[in-house]
Every structure is written in C-alpha cells, then in structure tokens.
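The structure under discussion appears below in the form of structure tokens.
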Amino acid sequence: MPVKTIIFLVFCFSSTFASEVRDTICNVSDTIDIEKCPSCYGGYFNLWGKTVSNYFAVVDSLSYDKTHIAVLSPVAMTPERDKDETTLHSDRLLLILHNGMEYVFDDVISNDDFSAVTGWEYLEKTDNGFALSREQGNGYKFYYSIYIEFVNNTPYIMRIELSEHNSALTFQRNTIYNYPLSQDPFLLSDYKRGIIDRLR
C-alpha cells in the first residue's frame, strides 16, 4: 500500500544459533532503520533521498523514468557476511519509489541464503514495469519471474511464470499464472514470499 510513514514489525534473531527470537521495529518515513541496531552497523547512506541504515546493503536496484526499486538485504545475509554469527538478522526488503509514492515490502523478497545453488532474486525492466526473477539449482533448475506493473501508481502483479527442468532436459514444465485487473487483481502488497512454493 502507498505510504509516507509506516511502522511494521520485523522478526530478528541474533544468530543462526540464537536461543531467543526478538522482534524489532523498522520505521519507514525518510529513514529505513531497525531498533537496537548493532553498533558495528552505525551510520547511514542515502538512496534516492531515503536515509538507509548501514545495517542494510543494496543487493540489486533498478531505475527508469520516475521509478526507483531496490532490494535491501541485512549485511549479515549477503554472501560476504552470511557466516557472521554475531550480528542481527531480519527480513530482506523491497523498496519502491514511484511517482512520488513510497512502498516498502518486508514479505516479498526471499530470505534464503545466497548461493550458486539457491540463487537470488534480481530485478529486470519489462515493457510495462519490472520483474522480480530468480534461478535456482545446479543440475535440476527452477526459475520464476513475477511481473509487476503500476496502475494508478499502485503496484500490481500481472503475471507469474514458473519453469523447471532436469539436467538432461527429459523433464520440463512451464506454468503461467495471469492476474487480469478486471477479474483477479493481485496487489503486490498481498504477495507473500511463500506463494511461489505453493504454486509449484
């Protein structure tokens, strides 16, 4: 949903071996931050006029016309720091700035580890908007693309494409789910990261 100021809960844990799960508050206005941010991530950087805590790293971004999109990942969940057991982990974020509107989604980007096998999500420009895509697997491959367009400045999912095949290409499957606005509108704000697994 379009926001100027929004507060939401992000569940965080101090390490992959932590015995306690504690929640924190991510306050999104002009600043993207977390409560009780570890001191090693002190400071901020500027991203398209937004102030972002050094707790996050931009792992992919896309800009076109009056639209800016970024995938923000906790530094501890990037390939360079994914073995760090002393820091705080939380959800990856999808930040969208479009025609003066601001959107932050905390349940769209996968929280899986980045690797050559699990892959990672990346942004692509399309004819009418953008896509969030991912490729997974080594021998057996699985791909998906989520096609997103803006209608009245609001992001909608228009189509989800899934594809998978084995290494010998003796098995292949391609599936397309369309979400026409007139029949089955699918707001990006209604998307949850587990939907892809349920669609397979």
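Peptides 139-145, 59-65, 118-124, 90-96, ordered by how many other C-beta atoms sit within 10 Å of their residues on average, highest first, read 90-96, 118-124, 139-145, 59-65. For the range 42-82 versus the range 96-167, the inter-centroid distance based on Cα atoms is 16 Å. Note on residue 166 and residue 99: with the Förster distance fixed at 35 Å, the Cβ-Cβ geometry gives a FRET efficiency of about 0.20. Considering only Cα atoms, the convex hull volume of the range 153-200 works out to 91 Å³ per residue. Packing order of peptides 49-55, 105-111, 148-154, highest average first: 105-111, 49-55, 148-154 (average count of other Cβ atoms within 10 Å over each peptide's residues). Each peptide in 129-136, 68-75, 38-45 receives the mean, over its residues, of other Cβ atoms within 10 Å, and ordering these scores from highest gives 68-75, 129-136, 38-45. Per the Debye calculation on the range 96-200 with a single equal scatterer at every Cα and no solvent contribution, log₁₀ I(q)/I(0) for q = 0.16, 0.21 Å⁻¹ amounts to -0.76, -1.21.
Every number in this text was worked out from the coordinates using simple rules, so none of it is lab data. What you see is a predicted model, and the numbers here were worked out from it, not measured in a lab. Cβ: placed from backbone, ideal geometry, glycine included. Neighbour counts: every protein chain shown.
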